[in-house]
Every structure is written in structure tokens, then in C-alpha cells.
Amino acid sequence: MAAITWIRRHLVVLAGLLTLGFLILPNLVVLVFSFNKPKGRFNYSWQEFDTHAWQDPCGVADLCGSLALSLQIALWATIGATVLGTLIAFALVRYRFRARGAINSLIFLPMAMPEVVMAASLLTLFLNMGAQLGFWTILIAHIMFCLSFVVTAVKARVMSMDPRLEEAARDLYAGPVQTFVRVTLPIAAPGIAAGALLAFALSFDDFIITNFTAGSTVTFPMFVWGSAQRGTPVQINVIGTAMFAVAVTCVLVGMLLGNRRTQKSA
Amino acid sequence: MTDDTTRGDVRLSGIGKTYGSFTAVHPLDLTIPEGSFFALLGASGCGKTTTLRMIAGLEDPTTGTVHLGEQDVTGLPPYKRPVNTVFQSYALFPHLDIYENVAFGLRRRGVKSVKKQVGEMLDLVQLGDKAKHKPHQLSGGQQQRVAVARALINHPRVLLLDEPLGALDLKLRRQMQLELKRIQTEVGITFVHVTHDQEEAMTMADQVAVMNAGRVEQLGAPADLYENPQTTFVANFLGSSNLIEAEIAASSGGTLALKAGDGKLSLPAARCSAPTGTGDKVLVGIRPEKISLAHADDAREITEGRNRLTGRVAATSFIGVSTQYVIDSPVCEGLEVYVQNVERDGRLAPGAEVVLHWNPDHTFGLDAAQDIDAGVETVETDAAEGAAA
């Protein structure tokens, strides 16, 4: 009886922990295997503890080059998609113009379309235009598919914004620029930030579209895929773990700052 | 025009606003005296908020001009007008704390040291200890006071209030009415207050403009509007009125003798806003609380010279301080009478024959060509108001 009561009382916590485990376990495997010293070329079974990969993360040819390229593309794609997406979101919410309805639904097309179909069509388009496949074609493709996510995130925020806030700012001696910088932008910021983070994550680990539009250029996901055919260097796990750590640190810092702010104002 | 007394007045001349084929505000002229507490009163959709927004510059008038004193501000954007607004839902900036909300206007005008002024203003609205709070941490009444402080700190020529108490519960609303009145008296700035609550307008304002369907129906001091309505809308919207159809039988010495059915009533000619020729139709108005009730058996005790009508009690409801009677008279059905509960006459139950009598000086006369039910607040419109707020 006591056991049943105990389970009943802690069921939510148990379910939560199990779900968390389910989510974190793959990341743990990546972390653990980054300290492995594999016998052959494949890093699939545990041998012994070793830190050589951590001491020399760029020890594999082309790995860090592809990582740098991926980060660069992700950064530019994020900036491009966030700026364009924010402008589109404001236009769709604030203004009534012809084809507004059509644009409103078309903007979601990249989200709904199977990625591989879109990738193939993009390649066809680029080839027909005679475009040189590489950095620019990847960037254009990434901005395109990130755009719909940014628009969705920013639009939700702008729609829930009270138009009276901007009127209040104008009433309190803020000109159009001041109103945008002091009131509109700070209030829309969480939506814009969410869209930007999403864009970065999507762009950084995109494989399918990149693979079609890259030509001979190799991004980090393509490098991982390519090396998986011939053997997986431990360095891949090191990069993976490092990315994971950076992301977790960002989230934790954000939470701490948020907590401190609410405590201060409470 | 350069008369000293009009130096800080708000003058609206021929100002109107149309949206496509819909006319929100018919061209109107209005002068709001400097330093007064002025109310624009009307049901929702009557154009009162549009008028306010045109003064603020948030809405461009289709026709007409807005003057602040001698300055024509019609073409100026809101951020260049010495006018500030307290918005209906307060519109406090959610990402700024109370201090920064109040300091917003000063900072935008490039004032360097705002600390002293913000502190004083927060003290004026009794929120000195909430400076570091965010708006969502405050109660409705507190948010409302922040909105007032944020506007007043700029020392505007005119403070515009758009249904500022609409979101508060009844008790808090009464408290804030007194509070706003106190602040207005203290700072001496012109307040223009938009409201649909006639009681709020009457308690707070020095002058009330009653608006209906994009027009100003009547303008005046609250007591004047109440005692002397010029239209059926004002008579019904401000409190309630009994309106009786009658015909002018004779006119002598400033008094009109009226015939309503087989009853005879008299009305001072000065209190009649309708044409006063013999045979003209008028609506005779009398406020429910001005009428006295006597049981038919006591009819002989009623003093001579009072207006009287006979009738039968149809319904009574006991309110506490007063009792409200509905009387059916042959002349007019459903007359309302409010009687203070000083000495209750137990005989005045439904079915009792009664005589209604009142001082003729309290009677007012309206043009019979108008809709007799204009401005009567029905349950439906009340519910719609509630939903809109």
C-alpha cells in the first residue's frame, strides 16, 4: 500500500525524469564517446578513456574548415532571415495591402513542403539560372527556409501587441524612430530572438537542402555524413558535445538573468 | 480673439471625422475653458473617443481645426502637441518599470535629471514605493494612477482621459473619481474626460458635453443639464425622465397651459425648448424624484397650483433609501416615481389609485418631433458596454 501511495504521489516527477532521460541520453552518448579511443576507424564501441580528441579537435582534415563554414552560413542566414522575417511580420500584421492573404499563406509553404522536394527544386532552379553552386546558393536556400519560422515567431508577438502602446509613446513625445526603438522593438524582441535562435539552429544542422545546393562546398553536417561512410573520427563527438555545452550554457545564463530580474522587481 | 480669458482654451472649430461613408463625428464646434474639468459623455460609438483622439493628434480630422489657445495644432503629430493622454487600458510600457514609465516623456524631450520630478509625481499619486515594479505587478487602480502620473509629469496644457476608470470595479471607481478630481484641482490643468457613465461625468466634471451619433446634443454644467435637458436624448440618458405627450392650450404671463389627455398641466415658458404657439405639440418632462405621490383619498390635501395627474400603482420596488413606483395614468403609461422612505404610506401598493403632483417649475418642455425613447439605456446596450470594456 505504501508503495502505491508513494508512486501515486511521485508519478509526475517519475514521468518527467524518464522523459528527460529519453531526451538527454543521446547527448550523453555523444559526450561519453568523445573520450573514447576507438580501435578501428569507427567510433561505435567503447574501448578506453582517452582525451586525445579534446586536445586536438581540429586533428581531422577538413573538419574545422567545414565547421567554420557552417557557423558562418548559420550566422548570415540568421541575420538575413531575421531582418527580412521581422519586416515581413510587421507588414503582414500592420498593413492591409493587395495579396496580403496570399503572402500570409505562401510564407508557410517552405515549412509544409517536404525538404527533399524543395531541395531538388532549388537545385533545378539554380542550375537553370546558371548559378555557381557554393556558399551563396547555400545561404540563399537557408534564408529562404528559415524565413517562415522567423515570420511565424515574430508575427505572433506583434499580433498580441497592444497598438495603444505605440500611440502612448507618440503621445509622450517620441517621434516615429524613437517609438520604434524604445517601445516597438523591445516589446517585439522576445519574438525576434526566438525566431533568430530557431533560424540559427535550423541552418546550422541542415543537411538535405545544403547537400543539394552546395556543389563541391562541404558544411559540417555534410562532413559528418561523408565521414560516416568511411569511418567516424572522435572529433565529431567533441564538436557535438561542445555545441551542446554552449547551447545549455546560453539557456542557463538566460534563466539566471531572468530569475534575478524577477527577484529584484518583486 | 486675443482676449486674455481664452488664452489656454481648447477650441475645436468645425471638426469632423468620416471613415469612408461612415461619419464618426459630424463637424462640431466646442470650446473647452482653460483649467476646467470637461466631460464628453455618450454611449459607445457616439464619436466621443474620436473627438478626444483628434485633440491628441492620434486621429486626423477630415474637416475643421484644433486650436490650443492661439496655436493651431491641427497639422501637428501627437509628439509635437503639448497634450497628453491617459488611455483606456492605461497602455503602460510592459518592458519598463514604473519609474521609467513615468520618466518616458521627460527623457524623450531631452530632460537630463528626471529623478526629482519622477519622485514628486509618484508621491502625488501615492506610488513612491512602487518605482522599481513592473506594470503587471500592480493592481488595476495602481496602474491607472501610473498612467495619470506618466501623462501629468509633462505638464501638458490639456490632459485627455479616455474612459480611464472603465476597467475598475465600482468601489475603486468611486475612489478614483475623487482622486482624479483632487489631482485636477491640485495641478489646475484642463482635463478632458471621455466616459459613457453619466454619473461619473456628473460627479467629476464642471462642464459636460452630451454626445449622440456624432453630434453634441447639449453642453452645460451637470446640474443645468440634469434640470434643463433640451432634447429627449439628454433627458433619458442623464438619469431618467417621464415624458408625457401634450398640447399647448394657452399661454399667459410666461406660463404655458398644457392639455395632456384630459389632464391639465402648466409649464414655465422659459423651460420649454420647443415652439410655444397655441396648439403646438410638446413633450412634458418631469424627473421621477420631483414627483410626490398621494393616495386618491387624500387628493384634497394637495396644495393648489401644483401639476397633478391621476393614476394607478402598477408596480413598486423597495430600494432602501427610496421606493420606486411605476404608475399607469390614463395620460401616460409607465410613469416612474421615486419617493424617499421618510414616511411610507402603506396604502400605496400595486392597484391603489393615486394622484401624482409636483411643482410646475420642475417641469420641462421638449420638441415632440423627436424620438421619445432616444437615450433610454436598455439591458442589451448595457451588456454590450460591459463587453466592450
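Of all residues in the range B:105-119 being surrounded by 16 or more Cβ atoms within 10 Å (Cβ to Cβ) and of a type in the set (D, E, K, R), which is nearest to the other protein chains (Cβ to nearest Cβ)? Of everything passing the filter in the range B:105-119, B:108 is nearest to the other protein chains (Cβ to nearest Cβ). Of the residues making up the range B:120-143, those that are more than 14 Å from every other protein chain (Cβ to nearest Cβ), in contact (Cβ under 8 Å) with a residue 12 or more places away in the chain and among the small types (Gly, Ala, Ser) number 2. Within the range B:130-139, does at least one residue satisfy the condition of being in contact with a strand residue (DSSP E or B) (Cβ under 7 Å, 6 or more places away or on another chain), in the same structural domain as residue B:33 (by TED's automatic domain parsing) and not in a helix (DSSP H, G or I)? The answer is no, given that none of the residues of the range B:130-139 is in contact with a strand residue (DSSP E or B) (Cβ under 7 Å, 6 or more places away or on another chain), in the same structural domain as residue B:33 (by TED's automatic domain parsing) and not in a helix (DSSP H, G or I). Being of a type in the set (A, V, I, L, M) and at pLDDT below 90 is a property that does not hold for residue B:235.
Matching residues to (1) touching a helix residue (DSSP H, G or I) at 6+ places or on another chain (Cβ under 6 Å); (2) surrounded by fewer than 11 Cβ atoms within 10 Å (Cβ to Cβ); (3) modelled with pLDDT of 90 or more; (4) not assigned by TED's automatic domain parsing to the domain that holds residue B:245:
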position: B:295; (1), (2), (3), (4): no, no, yes, no
position: B:301; (1), (2), (3), (4): no, yes, no, no
position: B:307; (1), (2), (3), (4): yes, no, yes, no
position: B:310; (1), (2), (3), (4): no, no, yes, no
position: B:316; (1), (2), (3), (4): no, no, yes, no
position: B:323; (1), (2), (3), (4): no, no, yes, no
position: B:327; (1), (2), (3), (4): no, no, yes, no
position: B:338; (1), (2), (3), (4): yes, no, yes, no
position: B:341; (1), (2), (3), (4): no, no, no, no
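The condition of being surrounded by 10 or more Cβ atoms within 10 Å (Cβ to Cβ), without any contact (Cβ under 8 Å) to a residue 12 or more places away in the chain and under 24 Å from residue A:189 (Cα atoms) does not hold for residue A:131. In summary, strands (runs of 3 or more DSSP E) completely within the range B:262-364 and bearing 2 or more residues that are free of Cβ contacts under 8 Å to residues at least 40 places away in the same chain, small (Gly, Ala, Ser) and over 22 Å from residue B:229 (Cα atoms) occur at B:307-318.
Name the residue that is farthest from the other protein chains (Cβ to nearest Cβ), counting only residues in the range B:75-104 that are in contact with a strand residue (DSSP E or B) (Cβ under 6 Å, 6 or more places away or on another chain) and β-branched (Val, Ile, Thr). Restricting to residues being in contact with a strand residue (DSSP E or B) (Cβ under 6 Å, 6 or more places away or on another chain) and β-branched (Val, Ile, Thr), the top hit is B:86. Taken over the range B:255-265, residues that are at pLDDT 85 or above and surrounded by fewer than 19 Cβ atoms within 10 Å (Cβ to Cβ) amount to 4. A count restricted to the range B:182-235 and to residues that are within 30 Å of residue B:123 (Cα to Cα), surrounded by fewer than 17 Cβ atoms within 10 Å (Cβ to Cβ) and either of a type in the set (D, E, K, R) or in contact with a Ser or Thr (Cβ under 9 Å, 6 or more places away or on another chain) (or both) stands at 4.
Condition check for residue B:29 on (1) within 22 Å of the chain's Cα centre (by Cα); (2) within 13 Å of chain A (Cβ to nearest Cβ); (3) without any contact (Cβ under 8 Å) to a residue 40 or more places away in the chain: one failure, at (2). Contact map, the range A:164-177: first residue more than 7 Å from chain B (Cβ to nearest Cβ) and over 13 Å from residue B:80 (Cα atoms), second residue assigned to a helix (DSSP H, G or I) and among the aromatic types (Phe, Trp, Tyr), Cβ cut-off under 9 Å, separation 6 or more or different chains; pairs are A:166/A:180. Looking at residue A:219, is it over 30 Å from residue B:105 (Cβ atoms) and touching a Pro at 6+ places or on another chain (Cβ under 7 Å)? In short, no. On the basis of being more than 28 Å from the chain's Cα centre (by Cα), of a type in the set (A, V, I, L, M), outside the structural domain of residue A:227 (by TED's automatic domain parsing) and on the phi < 0 side of the Ramachandran plot, does residue A:24 make the cut? No. When A:81, A:89, A:61, A:99 are checked against the criterion of being within 26 Å of residue A:191 (Cα to Cα), free of Cβ contacts under 8 Å to residues at least 40 places away in the same chain and among the hydrophobic types (A, V, I, L, M, F, W, C), A:99 stands alone in meeting it. Is it the case that some residue within the range B:53-71 is in a helix (DSSP H, G or I) and either out of contact with any Pro (no Cβ under 6 Å at 6 or more places or on another chain) or away from every other protein chain (no Cβ under 14 Å) (or both)? Yes, there is a match, as at least one residue in the range B:53-71 is in a helix (DSSP H, G or I) and either out of contact with any Pro (no Cβ under 6 Å at 6 or more places or on another chain) or away from every other protein chain (no Cβ under 14 Å) (or both).
Residues are listed down the side, and each one gets a yes or a no for (1) touching a Lys or Arg at 6+ places or on another chain (Cβ under 6 Å); (2) of a type outside the set (Val, Ile, Thr):
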{"site": "B:23", "(1), (2)": "no, no"}
{"site": "B:46", "(1), (2)": "no, yes"}
{"site": "B:85", "(1), (2)": "no, no"}
{"site": "B:99", "(1), (2)": "no, yes"}
{"site": "B:102", "(1), (2)": "yes, no"}
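Looking only at the range A:253-266, decide whether some residue is within 14 Å of chain B (Cβ to nearest Cβ), over 14 Å from the mean Cα position of the chain (by Cα), surrounded by fewer than 17 Cβ atoms within 10 Å (Cβ to Cβ) and not in a helix (DSSP H, G or I). Yes; the residues of the range A:253-266 include at least one that is within 14 Å of chain B (Cβ to nearest Cβ), over 14 Å from the mean Cα position of the chain (by Cα), surrounded by fewer than 17 Cβ atoms within 10 Å (Cβ to Cβ) and not in a helix (DSSP H, G or I). The helices (runs of 4 or more DSSP H) found wholly in the range A:147-233 and carrying at least 3 residues that are under 24 Å from the mean Cα position of the chain (by Cα) and among the β-branched types (Val, Ile, Thr) occupy A:208-213. With the structure loaded, tell me whether residue A:45 is in contact (Cβ under 8 Å) with a residue 40 or more places away in the chain and either in the same structural domain as residue A:241 (by TED's automatic domain parsing) or within 30 Å of residue A:229 (Cβ to Cβ) (or both) or whether it fails that test. The answer is no for residue A:45.
The values are calculated or read from the model by the stated rules, or taken from the named source; none is laboratory data. This is a predicted model, so every value here is computed, not measured. Positions of Cβ are generated from backbone atoms using ideal geometry, with glycine treated the same way; all protein chains shown enter the neighbour counts.
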